[in-house]
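See structure below.
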Amino acid sequence: MLKSKELQNNVFKKIAFILLFSFSCSLSALTLEQLQQKLMTDQLLRGDFSQSKTLQIFEHPLLSSGTFLLSHQQGLVWKQASPFPVALVLAKDKLSQQFLDQAPDVIEAKDNPMVFYFSHLFLSLFKGDMNALKAQFELTLIEVKGHWVLLLKPKSAPLNKVFSKIEIKGNKQIQGLNLVELNGDATTITFTNISTQPAQLTEQEKDVFNF
Amino acid sequence: MFSTSKRFFRNRYKITCDKLFPKSLKLLVILKTKSQVILKPILIWAIFILFCSVLLVQQTLLQDKSPIETNILALLPENQQDPLAQQAFNQIANNINNRVVFLLQGKNRDTLVQAADHFSENLIKLPLFNEVEAQISEADQQAWASLYFPYRAQLLSEKTKSQLQKSAASRVLHVVRQVYSPFAGVSGGELKSDPFLLFRDYLSSRNSSNSHFSLYQNYLLSSVGDDFYIVIQASLAGDAYDTQLQQQLPQLLALEASVEQVFHVKLLHTGTLFYATYGTESAKGEIGTIGIGSLIGVLLLLLLVYRSSLPLLLALLSIGCGLLVAFVVTVLVFGKVHLFSLVFGASLIGVSIDYAFHYLTERLMHQGEWDAKRALKKIFNAITLGLVTSLIGYLGLLIAPFPGLQQLSLFSIVGLSSAYLTVVLCYPMLAKSPSKTSPPNLMMLHRWLQLWQNKTLRFILPSGLMVVALLGLTQIQFDDDIRQLQAMPEALKAQEQKIKEVTGVGQQQTLLLVKAPSDELLLQRLEQLSRQFEQWEVSGEIKSFQAISQFIPSIKSQQQSYALIKSLYEHQGETLSKKLNFSEQIVFNHSFSPLLIEHYLSSAVAKPLGFLWLGSIGQQSASVVIINDIKNTALIENYLQQQKAVSVLDKGAEISSIFAHYRLFISEMLAAAYFAIALLLIWRYGFKLAFKILTPPFIAGVVALAITVVFAIPITIFNLLALLLVLGIGIDYTLFFAEQKQKSESANTLLAITLSAITTVLSFGLLALSETQAIHGFGVTVFTGIVVAWLLAPLAMQREHQIK
């Protein structure tokens, strides 16, 4: 019983994959290079995020929300407002965490390479840095009527020991991320109210990256 | 006295024979007696030489391993005071010498990876290496986690430990923040197995030392400025000092060159192999230059002066026999010959030829009344005394418990004696026919000798030289640094420095040997040291350090961590579970089972630094700690002096102190040799002549030292060895003048010693061209010494009225 179900499942997966694949071959006008171009056109993104962590060990999903600022040059600012306020700033080789009015806690990449490994991966996902992603994932791009999904399958350890797949969704800009673990646990982040203006960092925003 | 009675006896024997036997029988008897007197020793010698030739073939061609030693350290005495330190050093040195590090440098990451792929694939195919570490396998990447994971309930970094001791509640807050943070990447699986996220903190605290590199396509990649770097390591298939292994280096260089060309990347390398090969090559080159140079010099001189083939062959015979027997005997006694001995040995050519010159000059100058045996008798005393005085110097070195000096002196003693025996035993038989070439014009030499009849010159020249030399000597400086012995090519040094820079290893490593009665106590001691070193790391007194306790905590520390973690679960488990709405209770269900050094050593993670653990040496457990770049030497030295169980493993300093010790020893030997020779001379010649014989080589020695000093060469034990040689050779020159009975012979003697001085100067002058500082200095000292010894030798000439 179980076996046949599993078989069915497998067959279904295969068909789905072939379908998806042919779909992406025939219909998608969008190539990875073009997607990269597309994501690079806006050097600055501001918007809201909402995150949902659905883990088996939690009774309910963990929800959080706030605003973000992505600068292709400088890095990422992640301001969580709920359930508790925290400001995270990820620059090239530094990560700062600030809670309420406490002094920011800064970690440098050279002191903690493991933390930065994942932080940089997250930033690559966000920016759609294809070169960085290609090294660690098999990429499949699907596009239907201006909406695209980039499916990432981890190729090697340590990622393939944790994630079964990662999806990035978007139209003009990135709309969301979905990180699925091997046991089905998932973290979904949705981006809304994205604006690209002003196209330059304000003085205040620039200051945030100087720590 | 002895020879006259012998002649008398022989004459009587002849007369009796005449009476008793018919003529034909008499011939036979004469032949027989002759063979007894002369043939026998030469036959024995010939058989001995043949035997040595067979041994040479057996020692070189029929051996798997070359009998030539190239490791400089093999020349030096072992550390007698501290055998534990010696053993520790050997273990560490073996490991370090065995490694080769490559660094690929390029502007494009992906081309660099392709280059690394191609390079590492071909690297392992070379017979030079038995292991290549290029891409880090998944298993290796996971190795740290797999080693520690089962013991996660007893491992805490120092930082987390103190945080938990201060406030366990803050840990809950920390976990909640991490779980929400998208940057932290906390997965469900991780939270389940380690709800307080302690393990990731421990792992990253262990990893921070490798921070210069990150993984890219499983390669260790680093970027500095615009350039990317990939590091690849390899282990040698044998000993870095093995000349056969070194001969395979060109294959590696060819591979490197092709990778550089095809992928447009730069390839740097470092490792003992490269330095050792360079040393071998330059020593070989030097042996070649010196050997061939002095051989050509000798041949040219022989051809120029004797203008005939027989002297040439005879000279080559004595040189050949000398080198052959010296090599064979040295290998027999020591098992191996050091390249260094061979470099010095090659210069023996110029010394061992002296005995031949005296004989051949006799032959050249006495064509009319040539008697091969009588000629030998004439020079016999002088060359025997010459040999004995040379041996006196070398015998002293043989006593010293210093393998390098012993080898050097054995090589010289055997080589010189063999050359001497060849002259004494073979020449009278082989050079029976008188010389047919006309003697050279000795006008110049006669004039030079005539000058020496002048009393003022006899006084002014030596004393003037002496005064000037003493002035020069006031600038004397000593240097006992090991680096004198090793040629250090700039290109290799620059590569090593660059690799050290990129990999973040300090420029200077200090090794500490730490001992304790047991493994556990040793780990505790290492932890205690590490706490101090960590502080110094932060305050910048040292760049960094490596100790095994950074990877394996002591059981005591594991127990402390276990207790802290247990209490954290018990007191904060519920709070955490509520904050994150865990569906299940957080419970602590780990039992304590110690993580031991054996677990670490048998894991793949021990590959880079496991060699620091020496295990039990004698009754103790021992380990080595590496400190990179000590900035505040005084502070650290002071601290280390107070640590009873810690000693600094400084081979450089140890060798310097050995050199300093032997520099004194050789000075004493030199003084003793002068004294012994003086006694010998006084016994034979009386005080006045003995003084004249000894003065020229003495002044020559002083001048030689002074000139070396003037050339800004610091004085080492090798310059003192050179003085020993100057004494030995210089006294040969004066002895010949002292031994000659007729004034007319002076020019002949001067011709012979001039020839030998020219060959000696040729061979040692060539040593002065050596890249190795020690050999260079040695060459300069001998060169000057011999020139001065030759210049002053006529001082020992007995003046006309004295001879009458």
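For this structure, a couple of remarks:
- Within this structure, A:Val149 fails the test of being in contact with a strand residue (DSSP E or B) (Cβ under 8 Å, 6 or more places away or on another chain) and farther than 23 Å from A:Leu32 by Cα.
- Residues of region A:148-171 classified as farther than 16 Å from A:Gly128 by Cβ and among the aliphatic types (A, V, I, L, M), total: 3
- Enumeration of residues in region B:393-452 that are outside any helix (DSSP H, G or I) and of a type in the set (S, T, N, Q): B:Ser433, B:Ser435, B:Thr437, B:Ser438, B:Asn441
- Taken together, B:Ser170, B:Ser187 contain a single residue that is over 30 Å from B:Val538 (Cα atoms), small (Gly, Ala, Ser) and free of Cβ contacts under 8 Å to residues at least 24 places away in the same chain, which is B:Ser187.
- Boolean, B:Gln532 is more than 14 Å from chain A (Cβ to nearest Cβ), farther than 30 Å from A:Phe58 by Cβ, surrounded by fewer than 19 Cβ atoms within 10 Å (Cβ to Cβ) and without any contact (Cβ under 8 Å) to a residue 60 or more places away in the chain: no
- For A:Leu45: the one exception among (1) buried (at least 17 other Cβ atoms within 10 Å of the Cβ); (2) over 21 Å from B:Leu173 (Cβ atoms); (3) within 14 Å of chain B (Cβ to nearest Cβ): (3)
- Options B:Val782, B:Val726, B:Val709, B:Val703; residue that is touching a residue at least 24 places away in the same chain (Cβ under 8 Å), farther than 27 Å from B:Leu75 by Cα and touching a helix residue (DSSP H, G or I) at 6+ places or on another chain (Cβ under 6 Å): B:Val703
- Selected residue (only one of B:Pro553, B:Pro594, B:Pro608 is more than 14 Å from chain A (Cβ to nearest Cβ) and free of Cβ contacts under 8 Å to residues at least 24 places away in the same chain): B:Pro608
- Residue list for region B:309-360, filter: within 15 Å of B:Ile296 (Cα to Cα), β-branched (Val, Ile, Thr) and modelled with pLDDT under 80: B:Ile349, B:Val351
- Checked against the criterion of being surrounded by fewer than 16 Cβ atoms within 10 Å (Cβ to Cβ), small (Gly, Ala, Ser) and in a helix (DSSP H, G or I), region B:590-600 contains not a single residue that satisfies it.
- Residue within region B:712-721 that is under 22 Å from B:Gly777 (Cα atoms), aromatic (Phe, Trp, Tyr) and surrounded by fewer than 22 Cβ atoms within 10 Å (Cβ to Cβ) present: no
- For region A:118-147, a residue qualifies if it is more than 26 Å from A:Gln74 (Cα to Cα) and in a strand (DSSP E or B), and the qualifying residues are A:Glu138, A:Thr140, A:Leu141, A:Ile142, A:Glu143, A:Val144, A:His147.
- The set of residues in region A:109-126 that are at pLDDT 80 or above and in contact with a strand residue (DSSP E or B) (Cβ under 7 Å, 6 or more places away or on another chain) comprises A:Ser119, A:Leu123, A:Leu125, A:Phe126.
- Residue check for B:Ser463: buried (at least 18 other Cβ atoms within 10 Å of the Cβ), assigned to a helix (DSSP H, G or I), of a type outside the set (D, E, K, R) and under 41 Å from the mean Cα position of the chain (by Cα): no
To keep it simple, each residue is scored yes or no on (1) buried (at least 24 other Cβ atoms within 10 Å of the Cβ); (2) within 14 Å of B:Ala431 (Cβ to Cβ); (3) of a type outside the set (Phe, Trp, Tyr).
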position: B:Ala326; (1), (2), (3): yes, no, yes
position: B:Leu332; (1), (2), (3): no, no, yes
position: B:Lys336; (1), (2), (3): no, no, yes
position: B:Ser341; (1), (2), (3): yes, no, yes
position: B:Asp354; (1), (2), (3): yes, no, yes
position: B:Leu360; (1), (2), (3): yes, yes, yes
position: B:Gln367; (1), (2), (3): no, yes, yes
position: B:Trp370; (1), (2), (3): no, yes, no
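- Contacts under 7 angstrom Cβ, first residue in region B:449-463 being on the phi > 0 side of the Ramachandran plot, partner in a helix (DSSP H, G or I), 6 or more apart: none
Table: residues versus (1) closer than 23 Å to B:Ser187 by Cβ; (2) of a type in the set (A, V, I, L, M, F, W, C); (3) in contact with a helix residue (DSSP H, G or I) (Cβ under 6 Å, 6 or more places away or on another chain); (4) modelled with pLDDT of 90 or more.
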{"position": "A:Trp148", "(1), (2), (3), (4)": "no, yes, no, yes"}
{"position": "A:Lys153", "(1), (2), (3), (4)": "yes, no, no, yes"}
{"position": "A:Ala186", "(1), (2), (3), (4)": "yes, yes, no, yes"}
{"position": "A:Asn193", "(1), (2), (3), (4)": "no, no, no, yes"}
{"position": "A:Ala199", "(1), (2), (3), (4)": "no, yes, no, no"}
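- Scanning region A:92-102 for residues that are more than 8 Å from every other protein chain (Cβ to nearest Cβ) and either in contact (Cβ under 8 Å) with a residue 24 or more places away in the chain or assigned to a strand (DSSP E or B) (or both) returns A:Lys94, A:Ser96, A:Gln98.
- Which numbered condition B:Ala85 fails, given (1) among the aliphatic types (A, V, I, L, M); (2) buried (at least 17 other Cβ atoms within 10 Å of the Cβ); (3) not in a helix (DSSP H, G or I): (3)
- Applying a threshold of 7 Å to beta carbon distances and a minimum spacing of six or more residues, or different chains, the list of pairs starting in region B:429-447 at a residue that is under 17 Å from B:Ala356 (Cα atoms) and ending at one that is in a loop (DSSP other than H, G, I, E, B) reads B:Pro434/B:Gln367; B:Pro434/B:Trp370; B:Ser435/B:Ser308; B:Ser435/B:Gln367.
- Members of region B:484-516 that are modelled with pLDDT under 80 and farther than 26 Å from B:Glu541 by Cβ: B:Gln484, B:Leu485, B:Gln486, B:Ala487, B:Met488
- Positions within region A:103-139 being facing another protein chain (nearest Cβ under 9 Å) and basic (Lys, Arg), in sequence order: A:Lys110
- Selection status of B:Ala419, among the small types (Gly, Ala, Ser) and modelled with pLDDT under 90: no
- When B:Asp226 is tested against the conditions (1) at pLDDT below 90; (2) in contact with a Lys or Arg (Cβ under 8 Å, 6 or more places away or on another chain); (3) within 14 Å of another protein chain (Cβ to nearest Cβ); (4) more than 27 Å from B:Asn130 (Cα to Cα), the lone failure is (3).
- Checking B:Val262 against (1) within 18 Å of B:Lys125 (Cβ to Cβ); (2) surrounded by 21 or more Cβ atoms within 10 Å (Cβ to Cβ), the condition it does not meet: (2)
- If the condition is being hydroxyl-bearing (Ser, Thr, Tyr) and over 20 Å from A:Leu45 (Cβ atoms), then region A:122-161 contributes A:Thr140, A:Ser156.
- Counted residues, region A:159-200 - those being within 14 Å of chain B (Cβ to nearest Cβ) and crowded, with 18+ Cβ neighbours inside 10 Å: 14
- Complete set of residues in region A:56-79 that are within 8 Å of another protein chain (Cβ to nearest Cβ) and part of a strand (DSSP E or B): A:Phe58, A:Leu62, A:Ser64, A:Trp78
The values are calculated or read from the model by the stated rules, or taken from the named source; none is laboratory data. It should be emphasised that the depicted structure is a prediction, and the values quoted were computed from it without experimental measurement. Every residue, glycine as well, gets a Cβ built from its backbone with ideal geometry; the counts of neighbours run over all protein chains shown.
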